[in-house]
Amino acid sequence: MKEYKMLIGGEWVSAKSGQTRDVTDPASGELLAKVPEANADDAKLAIAAARKAFDEGPWRSTPALERGKLLFKVSKAIMDNFDKFVEMEVRDCGKPRREAEFDVGDAANCFEYYGGLATKIHGQTMNTPDGSVSLIVREPIGVCGQIVPWNYPLLMSTWKLAPALAAGNCVILKPSELTPMSALELGQIFMDAGFPPGVVNIITGPGAGAGEELATNPKVDKVAFTGGTVTGKKVMQNATNNIKNVTLELGGKNPVIVFDDCNFDSAVDWTLFAAFANQGEVCSAGSRLLVQKSIHRKFVDELVKRVPRIKLGHGLNEGVVMGPLVSAAHRDKVESYIKIGIDEGAKLLCGGKRPEGKEFEKGNFVEPTIFDDVKPSMRIAREEIFGPVLSVIPFETEEEAIALANDSEYGLAAGVFTSNITRGHRVIGKIRAGITWINNYHPTYNEMPWGGYKQSGIGRELGLFGIEAYLETKQINIWLDDNPVGWY
Ligand code: NDP
């Protein structure tokens, strides 16, 4: 069991109140760590440290080349500590080892990607009508509050920190109170790499106190939030306090559309991965399967036949590909949706309960669950469950599939399976979602923009768009005529 402190102004500190929170392994209930329980007062200290570092400190005038090199160091340090981060992510949020390995590798690559981009930030020159020289320059936004959820603790922190720092901002990161360990370990890496004090601050504490302060405080210039849509709305409202720049990465109820001309075997595999990767605790999870009626029965039978291949257990155990849900409270929420599905009259094909056996007794496990004959109006077809629950809705025509796919308040992700590439393009072109796949599902690239339409968010992370989100734009007009203007 490790006792952590949090990082404010280059110092490792306790919460002002002295309070701590226990962090436990969701697969076993084992106590993993104690972390400071920050409240709004601690957040204010972190904001002041970031403000000082930005307004007085050297960071924004540090040459981009140097900022980039520091980010390369962070990337290398993550890879040097690969096994440690993998184990920490498995224990902290319950994911299987194989998935944690992808997350840690992706995080290292993301720091490297933005380390490279630091030197590619550039402005423009314009030929303005009266012959002055006009420049467009890009500058960091300033102090950025960054709030991340529990499902990909290291990766979500990275997606926010890397572009913000490459662009020259100072940050206060708040991980979820459930999964704070990898963010705090990352803090040590930033210190060891030589980031000036106050450039990176990491506070641990509940959203209601510490998180809210980051969204509300007028000394914060930008708030970047990843989490549920309900919380996102609150963050956005609080950010109006000083008209903060806002980026929101929110929830989804993402459709996977399977046409009868698909590569059947491959589509079955991807559909299971779409729904059940990371226990379904994925914003982009393909949790609504729209399958053409002509293959509906055969497709669903094959899904159910393959579900037993999904081995549940502690993510560190050999062969485990599905871990527990992050907390008992979240498991209760997922189970309540399973009950709602049954009560609404959907047909439970498999799962729907906790797995039996000694190894599952202390963990928050729920079996992979598939509901068939789901009506588009049912709550399990409309609301984000954020667990291993797949809702199957049959359709007849392409038009019907598109209409069903778009019949959601969300617009984060979507997938289409068809051997007809013309149809694939045609259908994706009509889907209102920011992240889409044809004939696969889930692969994510640091080079590609991540974010949603509709109530799935505002703005994009990753890629060039990700660094744009942390840059201000300034025009500089240089008058070249020494003669007085003679206006009056
Ligand atoms: P929450 O919205 O509950 O929390 C997200 C973060 O916000 C946590 O750090 C939380 O702190 C904090 N928070 C809670 N209340 C407030 C508040 N009033 N003001 C400021 N911050 C607050 O989401 P979950 O952690 O439950 O994560 C699951 C959600 O995240 C899902 O809806 C999922 O779709 C979404 N998500 C979206 C992604 C995307 O890219 N679009 C990616 C990953 C997840 P604490 O937990 O400490 O209370």
Review point. On the first, second and third principal axes, largest extent first, how far apart are the outermost C-alpha atoms of the range 370-473 in Å?
Key: 50, 32, 21
Practice item. Quick one: of K5/K222; K5/K84; K73/K120; K219/K244; K311/K353; K353/K454, which pairs are farther than 21 Å apart, Cα to Cα? Key: K5/K222; K353/K454
**Study point:** Separation of the R423 and E399 label points, Cα + 7 Å toward Cβ, nm
**Key:** 1.6 nm
Check your understanding: Between the range 449-488 and the range 384-431, how many Å separate their Cα centres?
Key -> 35 Å
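More than 45 Å apart: what percent of Cα pairs in the chain qualify? Spell out each step's value before the answer.
Values: 18538 of 118828 pairs.
I get 16 percent for the Cα pairs in the chain exceeding 45 Å.
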Check your understanding: Against the longest principal axis of the chain, how steep is helix 82-93, in degrees 0 to 90 to the nearest 10, with axes from Cα atoms?
Key -> 60 degrees
Check your understanding: Tilt of helix 264-276 relative to the longest C-alpha principal axis of the chain, in degrees (0 to 90, nearest 10)?
Key -> 60 degrees
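At a Förster distance of 41 Å, what's the computed FRET efficiency of K311 paired with L65, Cβ-Cβ distance as r, to 0.05?
Numbers: r = 47 Å, r/R0 = 1.15.
The formula returns an efficiency of 0.30 here.
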Practice item. For the range 245-285, report the translational diffusion coefficient in µm²/s to the nearest whole number, using Stokes-Einstein at 10 °C, 1.306 mPa s, and a Kirkwood Rh over Cα pairs. Key: 134 µm²/s
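State the extension gain, in nm to one decimal, for the chain segment bounded by K233 and K16, taking 0.36 nm per residue of separation less the distance between their alpha-carbons. Provide the component values of the computation, followed by the final result.
Values: separation 217, 0.36 × 217 = 78.12 nm, distance 2.88 nm.
Answer, rounded to one decimal: 75.2 nm.
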Check your understanding: On average, how much accessible surface per residue is there in the chain, in Å², for a 1.4 Å probe, leaving out ligands, DNA and RNA?
Key -> 42 Å²
**Study point:** Area of E212 that stays accessible when all protein chains are in place (1.4 Å probe, Å², to 10)
**Key:** 80 Å²
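With r defined as the distance between the Cβ atoms of S28 and F72 and R0 fixed at 41 Å, what FRET efficiency is calculated, to the nearest 0.05?
For S28 and F72, the calculated efficiency is 0.65.
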Exercise for review: For the range 300-439, report the convex hull volume of the alpha-carbon atoms normalised per residue, in Å³, without decimals.
Suggested key: 136 Å³
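Write down Rg/Rh for the range 112-192, rounded to two decimals, with Rg from the C-alpha atoms and Rh from the Kirkwood relation over Cα pairs.
Working: Rg = 17.2 Å, Rh = 14.7 Å.
Answer for the range 112-192: 1.17.
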Check your understanding: In whole Hz, what ³J(HN,Hα) sequence does the range 333-341 give by Karplus (6.51, -1.76, 1.60; θ = phi - 60°), x for Gly and Pro?
Key -> 5, 4, 5, 5, 5, 4, 5, 4, x
Review point. Ranked from highest to lowest mean number of other Cβ atoms within 10 Å per residue, what is the order of the peptides 445-452, 119-126?
Key: 445-452, 119-126
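Set the Förster radius R0 to 30 Å, insert the Cβ-Cβ distance between M191 and E468 as r into 1/(1 + (r/R0)^6), and round the FRET efficiency to 0.05. Walk me through the numbers before you get to the answer.
Details: r = 28 Å, r/R0 = 0.94.
It comes out at approximately 0.60.
Calculate the tail of P(r) for the range 18-88: the fraction of all Cα-Cα distances greater than 17 Å, expressed in %. Please report the intermediate quantities before stating the final value.
Details: 1720 of 2485 pairs.
Tail fraction, whole percent: 69.
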Study note, to complete from the structure: D (µm²/s, integer) via Stokes-Einstein for the range 166-250, Kirkwood Rh across alpha-carbon pairs, 4 °C, 1.567 mPa s: value 95 µm²/s
Revision key, fill the gap. Between the Cα axis of helix 293-306 and the main Cα principal axis of the chain, the angle (0 to 90°, nearest 10) is 90 degrees
Review point. Taking a probe of 1.4 angstrom, what is the accessible area of I189 in Å², to the nearest 10?
Key: 20 Å²
Practice item. Starting from the Cα-Cα distance between L348 and D482, subtract it from 0.36 nm times their residue separation and give me the gain in nm to one decimal. Key: 40.2 nm
Point to revise | CD proxy at 222 nm, helix term only [per DSSP H run n ≥ 4: -39500 (n - 2.57); per residue of the chain; nearest 500] | key: -11500 deg cm²/dmol
Study note, to complete from the structure: quick note, the range 242-383, DSSP beta bridge pairs, % antiparallel (nearest 5) is 40 percent
Check your understanding: Residue-wise, which Karplus ³J(HN,Hα) couplings in Hz belong to the range 224-234, taking 6.51 cos²θ - 1.76 cosθ + 1.60, θ = phi - 60°, and x for glycine or proline?
Key -> 10, 10, 10, x, x, 5, 5, 5, x, 5, 5
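The values are calculated or read from the model by the stated rules, or taken from the named source; none is laboratory data. Fair warning: this is a prediction, and the values are worked out from it, not measured in the lab. Heads up, the Cβs are rebuilt from the backbone with ideal geometry, glycines too, and the neighbour counts pull from every protein chain shown. The accessibility values were calculated without ligands, DNA or RNA, using every heavy atom of the protein model including side chains. Shrake-Rupley method; radii C 1.70, N 1.55, O 1.52, S 1.80 Å.
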